[in-house]
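Structure first, then comments.
Each reported figure results from applying straightforward, stated rules to the coordinates on display, with no laboratory input. Note that this is a predicted model, so its numbers are computed, not measured. Methodologically, a virtual Cβ is constructed for each residue, glycine included, from the backbone with ideal geometry; neighbour enumeration extends over all protein chains shown.
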Amino acid sequence: MTLEGPGDLDDRERAAVEAELRCLGDDEFVTAERYTEWQVRGPTLESDIAVANIAQDELGHARLWYDLLEGFGHDQVDLIWERDPAEFRHATLVERPYEAGDWADPVLRGYLYDTYERLRVEALSESAYAPIADRVEKALGEEEYHREHAHNWLERLCEDAEGRRRVQAALDRLFPHALTLFAPTDREEAVVDTGVRPVPLSELRREWRNVVTPFLGSLGLEVPVADHAELLPAARGRDGDHTDAWESLYNEFTFTYEQLGRESAPALMPEPGEADADV
Amino acid sequence: MDLETVKEQSGPREFGPADEMPREYREAATRMIQFHANSEIMGAYIERPFIRQAPSLDRKLAVSAQVQDEVGHGQLLYRAAEELGIKTREEMLDELASGEGKFLNCFHYPLDDWYELPMIMFFVDGAAMRRQATLKRTSWEPYAHAIDKICFEEGFHIKHGEDILRTIATGSRRDRQRLQEAFEKWWPRILQFFGPTDDDSTHGGFATDVGLKTMSNDDLRNAFLNAYVPKAEKYGLELPEYPRVEYHADDDYYEVYEEDLDWEEFFTVAKNEHPTGAGQIDKRRRTQKAVEWVRDAIESPDTTGVSPAAADD
């Protein structure tokens with residue numbers, strides 16, 4: 001059965017659609033937010049430009065999913081600018097801060113994330129909720145370029161001893177957080193049985209590990225083999241529980257919104273010049 | 001080609017890589033284009049924090065794209081400069097990071113908050129546009145070619161800057177006050193954008209003689225004021241009492257009282273010695289140093305111990 005729009009949904013279906021869209025939109029939004037830190041800080045002018053392209057694509061995708069949430073009466077203000085930070089549903093992978101100059105991190109993180117995104121979005125091409133299925137193609141179109149970018153960089157970095165050491169360090173640090181991409185929300189069961197996303201996250205995780213483990217292994221990297229339950233970090237993101245990096249990021253990106261909207265600038269805000277932890 | 005011939009033949013887009021240009025010409029052109037390229041990169045440094053601090057998705061996308069464009073302009077300009085055979089792009093980027101490279105005075109001052117953003121995105125970019133538009137007729141063809149693309153994209157930036165300005169200017173009374181404060185802080189720097197009067201300009205004469213520069217600083221400043229003083233007024237901004245700027249209707253000319261401007265600070269900035277500018281350069285140096293390992297890794301990979309055993313796919 002196809003669900004054509006918000007009007008066709010019962011409460012359980014609607015909650016499932018909203019939960020799925022929030023995960024998708026929030027992942028993209030926060031991913032982009034972090035990527036932009038590399039603008040004018042990459043290893044070459046060309047990489048500054050490439051990273052800006054990717055960040056803008058991801059912001060465009062965030063809008064693609066947030067637009068569908070607007071169909072349920074939300075607007076950008078309550079979806080982003082005035083939303084409680086604990087109500088964001090992105091995975092912890094995308095909120096983690098970067099170390100200055102650690103180019104291995106965005107490259108590897110981008111690879112892990114884009115591989116996940118492709119699998120999840122492909123699964124949504126069969127979504128029972130037509131507006132989601134309709135947007136799959138647009139979301140997938142640009143991902144090919146992102147994966148190519150990440151592949152090329154990973155290959156180049158891993159040909160060098162220091163480069164590979166850094167990618168390995170990023171992998172050890174990020175892999176547990178990447179597994180939170182597949183952490184369920186409290187609506188996972190409804191998402192699957194209503195056909196909003198016919199493939200369960202556990203299945204997507206299995207496919208993802210089958211892709212990333214051999215590829216990274218072929219670059220001479222050691223990929224964690226333990227079961228996800230053993231590797232997962234304490235904060236899972238999808239349940240609203242985030243790592244400490246999230247609050248400061250949230251305060252930074254809402255800084256101007258707050259400043260423009262209130263009678264006086266809120267106290268205890270970071271100085272704008274330092275707000276993004278300038279190296 | 002000797003210098004006399006260059007001066008005689010100079011005209012819009014007259015010379016290119018196929019011409020054998022005298023060293024003086026190539027050095028002067030390099031100095032000018034390198035300065036421009038450096039300014040694009042350092043302008044991007046000033047604006048980048050506002051990608052994160054943008055108050056809506058549209059603004060965030062636009063500021064990100066703008067910062068990206070500026071890096072792209074830097075890339076184009078370094079290429080145009082490289083073709084003069086004086087310095088490579090790497091050398092110019094190294095000079096920028098080491099504090100030897102020079103760039104526009106306004107990019108030596110980081111912005112405090114969103115209220116200051118239109119000072120760069122509208123007024124400074126508007127001033128830059130005035131200058132750049134005249135460079136479509138510069139005699140070094142690769143420079144003019146880069147300028148075509150730059151002007152096209154800058155047009156969008158200024159529109160976006162004006163939109164930010166309009167939003168703040170039509171906001172609350174407090175917003176308008178903050179905007180006026182930002183304007184008063186930036187206005188003297190903006191007036192100094194075009195440098196001192198022609199008499200004090202060090203390189204203007206030669207650059208004009210060989211067609212690299214096509215309009216004097218005074219004329220550019222005046223053209224800018226003609227266009228932007230009314231725009232400032234349109235958005236409710238009041239020109240501060242000092243520095244005095246007087247309009248002479250008879251000659252349609254804005255007189256800027258240069259003695260009201262702090263030229264000592266201007267020349268300290270120009271030497272990269274003003275503390276805020278030195279801080280911006282230091283940021284560039286540190287961010288570049290932090291990613292040096294990546295350039296080393298791709299330029300001369302150390303393959304010891306790297307044997308992708310399972311690379312059979």
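Using the 10 angstrom Cβ neighbour count as an exposure proxy, how do B:D148, B:D218, A:D11 rank, fewest first?
Ascending Cβ contact count within 10 Å gives the list A:D11, B:D148, B:D218.
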Seminar exercise, completed: Between the alpha carbon centres of region B:212-237 and region A:1-67 the gap in Å comes to 41 Å
For this session: May I ask for the distance between the Cα centers of region A:110-153 and region A:185-246, given as a whole number of Å?
Result: 15 Å
For this session: Run the quick spin-label model on A:R173 and A:V225: label points 7 Å from Cα toward the beta carbon, then report their separation in nm to one decimal.
Result: 2.6 nm
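Expressed in whole Å with the largest first, what are the equivalent ellipsoid semi-axes of the protein assembly as shown derived from the C-alpha gyration tensor as the square root of 5 times each eigenvalue?
Semi-axes, largest first: 47, 30, 20 Å.
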For this session: Determine which residues of region A:119-137 fall in the zone a paramagnetic label at A:T2 would reach in this model, i.e. backbone nitrogen under 16 Å from the point 7 Å along Cα→Cβ.
Result: A:124-137
Exercise. Which cross-chain or sequence-distant (5 or more) residues have an amide H under 5 Å from the amide H of B:Y247, H modelled 1.01 Å from N in plane?
Worked result: B:E255
Exercise. How far, in nm, would the chain grow between B:T304 and B:S172 when pulled straight, counting 0.36 nm per residue and subtracting the alpha carbon separation?
Worked result: 41.2 nm
Problem set entry | Cα gyration tensor shape for chain B, rounded if a/c is under 1.5, else prolate or oblate | oblate
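Hey, what did region B:3-290 get for relative contact order, percent, Cα under 8 Å, at least 6 apart?
Computed over region B:3-290, the figure is 24 percent.
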Exercise. For A:C23, what charge total do you get from the other residues with a beta carbon under 13 Å from its beta carbon, if Lys and Arg give +1 and Asp and Glu give -1?
Worked result: -3
Problem set entry | Cross-link partners of B:K87 among lysines (Cα-Cα below 19 Å; sequence separation of 8 or more within a chain) | B:K102
For this session: Compute the relative contact order of chain A as a whole-number percentage, counting only Cα pairs closer than 8 Å that sit 6 or more residues apart in sequence.
Result: 24 percent
Problem set entry | Karplus-derived HN-Hα couplings along region B:34-51 (A = 6.51, B = -1.76, C = 1.60, θ = phi - 60°), whole Hz, x at Gly and Pro | 4, 4, 5, 4, 4, 5, 4, 5, 6, x, 5, 5, 5, 8, 3, x, 7, 5
Seminar exercise, completed: So, over other residues within a Cβ distance under 11 Å of B:E90, counting Lys, Arg +1 and Asp, Glu -1, the net charge is -2
Exercise. Ranking A:V225, B:V294, B:V245 by Cβ neighbours within 10 Å, fewest first, what do you get?
Worked result: A:V225, B:V245, B:V294
For this session: Return the subset of B:K136/B:K289; B:K231/B:K289; B:K60/B:K231; A:K138/B:K289 for which the Cα-Cα distance in this structure is over 31 Å, preserving the input order.
Result: B:K136/B:K289; B:K231/B:K289; A:K138/B:K289
For this session: Give the order of B:F152, B:F35, B:F224 when sorted by the count of other beta carbons within 10 angstrom, beginning with the fewest.
Result: B:F152, B:F35, B:F224
Exercise. Efficiency by 1/(1 + (r/R0)^6): what FRET value for B:T88 and A:D11, r their Cβ-Cβ distance, R0 = 51 Å, to the nearest 0.05?
Worked result: 0.20
